[in-house]
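First up is the structure itself, then whatever we jot down about it.
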Amino acid sequence: MAYIEVDSPASVKKQLAKVFEASLSATVPDEPDVVPLIEPCASKSGGKFADYQCNNAMSLWAKIKGKQTGFRGPPSVGQAIAKNLPPSEIIESCSVAGPGFVNIVLSKKWIAQRIEKMLVEGIHTWAPQLPVKRVLVDFSSPNIAKEMHVGHLRSTIIGDTLARMLEFACVESLIRRNHLGDWGTQFGMLIAHLYDTYPNPEDVNEAAIGDLQVFYKASKVRFDSDTEFKLRAQQSVVKLQSGEEKYLKAWQQICDVSKAEFEKVYQRLGVRLEAKGESYYNSLIPPTLEKLDKLGLIEESEGARVIFVEGVDIPLIAVKRDGGFNYSTTDLAALWYRLNVEKLDWNIYVTDVGQWQHFDQLFKAFRRAGWLPKDENEFPKCTHIGFGLVLGEDGKRFRSRSSDTVRLVELLDEAKRRCKTALLERDAVKGWSEEEIEKTSEAIGYGAVKYADLKINRLTNYTFNFDHMLNDKGNTAVYLQYAHARICSIIRKSGKDIEELKKSGNILLDQEDERTLGLHLIQFPEVFEESLSNLLPHVLCEYLYNLSEIFTKKFYTNCQVVGSPEETSRLLLCEATATVMRQCFYLLGIEPVYKL
């Protein structure tokens, strides 16, 4: 299901559709608004008969059968579609096969010109356009005073990639929102423990609190075992929520230490986020609930105040039995703020699939209130983007040997360490500076972790395995980095000024593998369109891997570049491949490596 209509003028499919629109109008003038059905041809037994196919004949025949059209069946409809095509520089030839399928072979001259134009004008000219201006992506969202662990990995990586994809599509305003869990009853025990440990607030700093995970666990043990401490913790919550300065200061100190730790992880991953925690919406909760109450949405149920929505038996709890608020209450206020103050066209929430029902209820409550359109495809709109679990090799949630959740920092450190070890075994790195080795190890290690996640359909669970993700063979980021570095090496060894060649050189696609590579390159816009419209990064990963395979196993194997008569053309194909690969890397949040 497409979440949004993407207009991609650079798409080959879109450009062919314009040509076939004219043919379809001439073929069946009495059937208005026939949408051209254009699809790329799949390879069969290692080869294919054409590049694209128009598949309208059968569905058109079903419409016009019995009418006085002169057609005798789908094949004759297909023949007419092919015959009525207007002259076009895009198409080299057409043939009709089977029940009217129109097979399209693209002009290799046109393919070459498309690539040349992109090299001169930039890959941003292949970017699509979206019908929205203001978009928010809500992702990562760890809890204050708890370490970021592997459970936050998918939300952070997937959310960042979706944000990058939206930025490439020229969204006017994109907000990367970190909805931090910075409010709640747990802060009572944290503050009480903080003041027991450090009676003088001036002594509290990042070094004093130290390991937040240890600090949190220590306060939790006391809360569960010490009745007197538990009472003081509960009193601390009341004082914090009533705004007492001493308790607000302690809360802020804990938040600051926690945010500093999160930022270290985000910097390693190259992720940018703007934090607005749950606490930001505290003052908005009462007026939001009042508005919903006046609209008749809130009702009493078993002592709680709830909102019932269509198709769900369990209500959304707006106010708990004890009069307290929960994350549903905060989300109601936060969404009201995003729609009415930030004036967002599209709100995208990136969390695990287990939270689907919560967001389904939240959005339905807003539709009941008239705060979102009844048609969920109209703007402003809200979308929940779910993802599966990260599993260990035992098929259970990925945990450490001590059964704790795996810290994200430790996981990234291990990926870098393994990459560095493998890198130092290579003769090619002799003479590299320590800085080069460190940066390359980080780029490959962190990129490998990201790609292993993103190449899987986000809706499924995936098994975390360092050996698989750091393998330099197969569909891994390591293999892709080697392919990219190889291209860069070819260009360097040529000694040619690639920027000058872009201006003066031409691409020729006379050899079969040159043409195969060229065709795949110009399909980037339509693949990106599919990936973005469905918010599925794995579609982009599949394209990138196939591009690397075509370059490495076909073009690089069979087409000599440096020193060949076709050197200029093939260097430009190398540069175009590297350019598209780097754009894919950027969208996936992976730092490219230029030598290995």
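The values are calculated or read from the model by the stated rules, or taken from the named source; none is laboratory data. This is a predicted model, so every value here is computed, not measured. Note that each Cβ is placed from the backbone with ideal geometry, even for glycine, and that neighbours are counted across all protein chains shown. For accessibility, only protein heavy atoms count, side chains too; no ligands or nucleic acids. Shrake-Rupley method; radii C 1.70, N 1.55, O 1.52, S 1.80 Å.
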Hey, if you put +1 on the Cβ of every Lys and Arg and -1 on every Asp and Glu Cβ in the chain, which of Val593, Gly243, Val35 ends up farthest toward the positive end of that dipole?
Val35
Excluding ligands, DNA and RNA, the carbon-plus-sulfur percentage of the accessible area of region 4-126 with a 1.4 Å probe reads 53
By how many degrees, 0 to 90 and rounded to 10, does the Cα axis of helix 477-494 deviate from the longest principal axis of the chain?
50
For the chain, what is the percent of antiparallel DSSP beta bridges, rounded to the nearest 5?
55
Setting aside same-chain residues fewer than 8 positions from Lys276, which aspartates and glutamates have a Cα under 19 Å from its Cα?
Asp138, Glu147, Asp160, Asp182, Asp256, Glu261, Glu263, Asp331, Glu342, Asp345
If you place +1 on the Cβ of every Lys and Arg, -1 on the Cβ of every Asp and Glu, and leave all else neutral, what size is the dipole of region 454-596 about its Cα centre, to the nearest 20 Debye?
360
Check Lys381: other-chain or 5+ apart residues with amide H under 5 Å from its amide H, H built from backbone geometry?
Trp346, Asn347
Amide H to amide H under 5 Å from Ser107: which residues, 5+ apart in sequence or cross-chain, H placed 1.01 Å off N in plane?
Ile91, Glu92
Can you find, among Asn506, Pro525, Leu571, the residue farthest towards the positive end of the dipole of region 500-595? Put +1 on the C-beta of Lys and Arg, -1 on that of Asp and Glu.
Leu571
Tell me, in nm to one decimal, what length is gained between Lys239 and Ser95 on full extension, where the rule is 0.36 nm per residue of separation less the Cα-Cα distance?
44.0 nm
As a test of the definition: which semi-axes, in Å, follow for region 1-124 when you take the square root of five times each eigenvalue of its alpha carbon gyration tensor? Largest first, please.
28, 17, 14
Would you mind checking the tilt of helix 524-533 against the longest principal axis of the Cα atoms of the chain, expressed as 0 to 90 degrees and rounded to 10?
40
Hey, can you find the accessible area per residue of the chain for me, probe 1.4 Å, expressed in square angstrom?
46
Which length gain, in nm to one decimal place, applies between Lys430 and Glu500 when the Cα-Cα distance is subtracted from 0.36 nm times their residue separation?
22.0 nm
Computed over the chain, the relative contact order (Cα-Cα under 8 Å, seq sep at least six) in percent reads 16
If one compares the long axis through the Cα atoms of helix 512-522 with the longest principal axis of the Cα atoms of the chain, the angle in degrees, nearest 10, works out at 40
Over 19 Å (Cα to Cα) - which of Lys416/Lys595; Lys396/Lys420; Lys473/Lys553; Lys14/Lys67; Lys117/Lys502; Lys343/Lys381 fall in this group
Lys396/Lys420; Lys14/Lys67
To the nearest 20 debye, what is the magnitude of the charge dipole of region 50-101 about its Cα centre, counting +1 on the Cβ of each Lys and Arg and -1 on the Cβ of each Asp and Glu?
480
What is the magnitude of the charge dipole of the chain about its Cα centre, with +1 placed on the Cβ of each Lys and Arg, -1 on the Cβ of each Asp and Glu, and no other charges, expressed in debye to the nearest 20?
960
With the full set of protein chains in place, find how many percent of the accessible area of region 505-596 is carbon and sulfur; take the probe as 1.4 Å.
45
